[in-house]
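Written below as structure tokens is the structure these notes are about.
Since every read-out is calculated from the coordinates, none of them should be taken as a lab result. Being a predicted model, the structure only gives us computed values, none of them experimental. Here the Cβ positions follow ideal geometry from the backbone for every residue, glycine too, while neighbour counts run over all protein chains shown.
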Amino acid sequence: MDALEFDTHLKGIISSGFTTYAVTIGREKGLFEKLCKATRPLTCTELAKEVNLDEKLVKGWLGCMVAEKIIQFDRHGDVYYVPSNHQDSLLHSSAFAPALGPWMQVMEEITSGRENVGDSHATQLLDWFHKYKEETSSRLIETDVIPSIKEAGLEITPDSGLKIVDIGCGKANISFYFATMFPKSTVFGVEYTDVDVQRALDSVRQRGTAENLTIMKGDAQQLPESWTDQFDCILVFNVMHHIQDHSKAMAEFHRVLKKAGLLLVIEANLHSHLSANVGSKSAALLYAMHMNFHRLFYAGHHHHDHKEHPRNEEHPKDDHHGDCFHHSPDNSHQDVDQHDPHSKDESHGDSRHSHAHFPQPHHTEGHGFLWGIEACQKVLEEGNFTIRIQKPTTDFMSYLFVASK
Ligand SMILES: C[S@@+](CC[C@H](N)C(=O)[O-])C[C@H]1O[C@@H](n2cnc3c(N)ncnc32)[C@H](O)[C@@H]1O
């Protein structure tokens, strides 16, 4: 890249940050929705009236959207519209844009050294992220997971009676969705500790009932003996990088999978080696998110009040539970545990909560959410699985593998 190209490239990145914020406004103030639902292109005045916003603001917003090719402009009628084949993407793929606001606030807290633990922006970002996961998991399943299962040759319909296990099911978004979408199938959601099992159960309870769904405690590295050759589908979504002994887990997945079954793994959409990420937008986003994920461990701790976490002993090196918002196992959590919860407000500026106590990010292969595609590929191949499909998902931050024995 010569100097001029680089200069243009850099300015483009800076401009995109502003556009991202404008996209958030488009989502949150209903501008996109109105334009998508309109039966004809709208003038700026009409749109401003529809969303009850100042016309000057809407004019600026439209100018930004047109320049960035997000919204189309018909200069003859002075009207704006979204082409019908862009609408689905506009409404769904813009879902991550609102993370920017709380993310910036958390970064501001971290870089300024103020650690407003308790009622911090990290909690806000954490809540936002949980909501985002809940809202987007159905789309991930419909647009990526189910079509890939079919493409790999396994018949999956509402009438099929498959046996599916969701390893490390978290809040059981995915398990619940599979159970309700495939009512004749049997779905198991496995979580590692009592706390996590309870969290999954609470989350399922809030969503309704699914009699074909069982949430249970279990370890990917040691699944029940009776499960040999039982499963048509094993889902391991955003969990592999948490697992300490991959060969043990792979041997277990191999054992419990039926001969014609499929193992589906989702991990972060980035390469294991930094040099391979040059030019990757998803890698840039994931690394940027990672800058304050440790802050989220902390918020997650307060938020869910996880007092004890046996994983701390069992996974001494795994400090990356943050993407599921568990607290980290280094001494930062001890600070929290020793800290009197009633004196939360007095803790502001307390050195115990300075970021010196936060775990330092590390990028070792095999642990951490920046684990990467190649590392996952290697583990699957060493586990005697044949990778049938591998591709980034439509959410763009994650990467899907479909493998068979
Ligand atoms: C990032 S969350 C992913 C949750 C869910 N699969 C999703 O994609 O939304 C990772 C989950 O894996 C669980 N986990 C970690 N190690 C595990 C193990 N050895 N066996 C089972 N679950 C495990 C964690 O407790 C956590 O809930």
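Qualifying trypsin sites (Lys or Arg not before Pro) in the stretch 1-106, where qualification requires a DSSP coil assignment and no more than 14 other C-beta atoms within 10 Å, comprise Lys69, Arg75. Spatial offset of the stretch 121-156 relative to the stretch 203-253 amounts to 17 Å, using the alpha carbon center of each. Stokes-Einstein diffusion of the stretch 3-82 at 4 °C, 1.567 mPa s viscosity, Kirkwood radius from Cα pairs, rounded to a whole number: 98 µm²/s. In this structure, the amide hydrogen of Lys163, modeled 1.01 Å from its nitrogen in the peptide plane, lies closer than 5 angstrom to those of Thr186, Asp232, Cys233, counting only residues at least 5 positions away or on a different chain. Model label sites at Glu151 and Ile389, defined 7 Å from Cα along the beta-carbon direction, differ in position by 0.5 nm. Using the average count of surrounding beta-carbon atoms within 10 Å as a protection proxy, the listed peptides 200-211, 167-178 rank, highest first, as 167-178, 200-211.
Relative contact order for the stretch 1-68: what is it in percent, counting Cα pairs under 8 Å that are at least 6 residues apart? Walk me through the numbers on the way to the answer.
Working: 29 pairs, mean separation 18.6, N = 68.
Reported as a whole number, the value is 27 percent.
Applying the Karplus relation 6.51 cos²θ - 1.76 cosθ + 1.60 with θ = phi - 60° to the stretch 226-233 yields 3J(HN,Hα) values of 6, 8, 3, 6, 9, 10, 7, 9 Hz, where x marks Gly and Pro.
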